[in-house]
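What follows is a short report on a single structure.
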Amino acid sequence: MKNSILLSKYRNFFIIIFWITVWEILSLIINQEIYLPSPFATFKSLFDLMFDKVTYITILYSTYRTLTGFLISTFFGVMLGFVCGMNKSIYNLLNPLVSIIRTVPVMSIIIIAIMWFKDTNVPVFVAFLMCFPIIWTNTIQGIDSADNKLLQMCKIYNIKKIRVIKSVYFYSALPYIKAGMISALGISWKVTSAAEVLSLPKYSIGRFLYDSKVYLEIPDLFAWTIIIVLLSILFEKLLNIIFKAGRQND
């Protein structure tokens with residue numbers, strides 16, 4: 001068991017080294033930092049950012065916007081998902097709107113949001129709107145997968161609706177909601193950063209991405225991109241830890 005864990009860790013390490021080597025070779029072939037900076041230049045920029053207080057303030061604000069949009073979408077996605085899952089009339093009413101939200105380009109939503117909201121609220125709104133359909137759809141799928149035999153038994157014994165929701169529908173939908181939340185969290189980091197690039201709120205990762213592009217500081221651009229990826233992975237792992245802790249307490 002221990003050997004397999006060690007092999008897995010070493011395998012991941014060598015995979016990372018392999019792709020960094022490919023990156024280095026490509027940067028040497030292109031030999032134009034404006035197109036592809038070397039790993040050394042990128043990690044040097046990342047190292048410099050780690051010793052800048054503004055970096056941590058920026059990460060804090062961007063994390064706040066991302067998680068706020070994500071949590072709002074989770075709340076409304078689950079609540080409305082339950083309502084629509086148990087009432088087909090309301091589902092038929094909301095489904096066209098959710099389908100439109102799902103198909104509208106992200107950039108269109110960002111531009112509209114810039115016209116409607118302050119720059120600091122644009123990323124929150126965009127994250128909410130992009131994550132909501134995922135959680136809403138997953139919640140409805142979870143409710144639809146509820147055991148019909150259990151539901152029939154509840155009907156025969158006249159069990160109260162609220163208890164049926166808590167004991168049958170909720171536990172049926174929970175795995176789907178968790179999967180939707182994990183997917184939505186990853187997307188929320190992407191769309192929040194994109195919204196910040198266009199709305200340019202103070203202390204935002206998107207603003208630094210934009211400035212790096214304008215001033216052709218490409219290693220900084222790559223360094224901030226790595227920070228976004230690391231934050232997304234970190235919070236996804238934290239969410240999985242929370243879910244595992246919840247299963248152990250059940």
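Each reported figure results from applying straightforward, stated rules to the coordinates on display, with no laboratory input. Keep in mind that what you see is a predicted model, and the values were worked out from it rather than measured. Cβ atoms come from the backbone with ideal geometry, glycine included; neighbour counts cover every protein chain shown.
Before moving on, here are some points about what is shown:
- Additional length obtainable on full extension of the chain from F75 to D211, 0.36 nm per residue less Cα span: 45.5 nm
- Taking a straight line from the alpha carbon of K118, these lysines sit under 24 Å away, with near neighbours fewer than eight places off in the same chain left out: K190, K202, K213.
- Protection proxy ranking, peptides 74-85, 26-37, average beta carbon neighbours within 10 Å, highest first: 74-85, 26-37
- For the range 81-96, the Karplus equation 6.51 cos²θ - 1.76 cosθ + 1.60, evaluated at θ = phi - 60°, returns couplings of x, 5, 4, 6, x, 9, 9, 5, 5, 5, 4, 4, 6, 8, 4, x Hz by residue, with Gly and Pro reported as x.
- If R0 is 22 Å, the Cβ-Cβ spacing of T225 and V83 corresponds to a FRET efficiency of close to 0.05.
- Each of E236 and S167 was given a label point 7 Å from its Cα along the Cα-to-Cβ line. The distance between the two points is 3.8 nm.
- Ordering F132, F51, F243, F235 from the fewest to the most neighbouring beta carbons within 10 Å gives F51, F243, F235, F132.
- Separation of the M107 and L26 label points, Cα + 7 Å toward Cβ, nm: 2.2
- Of (i) 36, 18, 16; (ii) 32, 25, 15; (iii) 41, 25, 15, the label for semi-axes √(5λ) of the Cα gyration tensor in Å derived from the coordinates: (iii)
- Residues of type aspartates and glutamates that K44 reaches as a straight line, Cα spacing below 15 Å, ignoring anything fewer than 8 places off in the same chain: E24, E33, D52, E217, D220
- By the count of other C-beta atoms within 10 Å, a proxy for reagent exposure, R207, R11 are ordered fewest to most as R11, R207.
- S99-F14 FRET efficiency (beta carbon distance; Förster radius 41 Å; 0.05 resolution): 0.40
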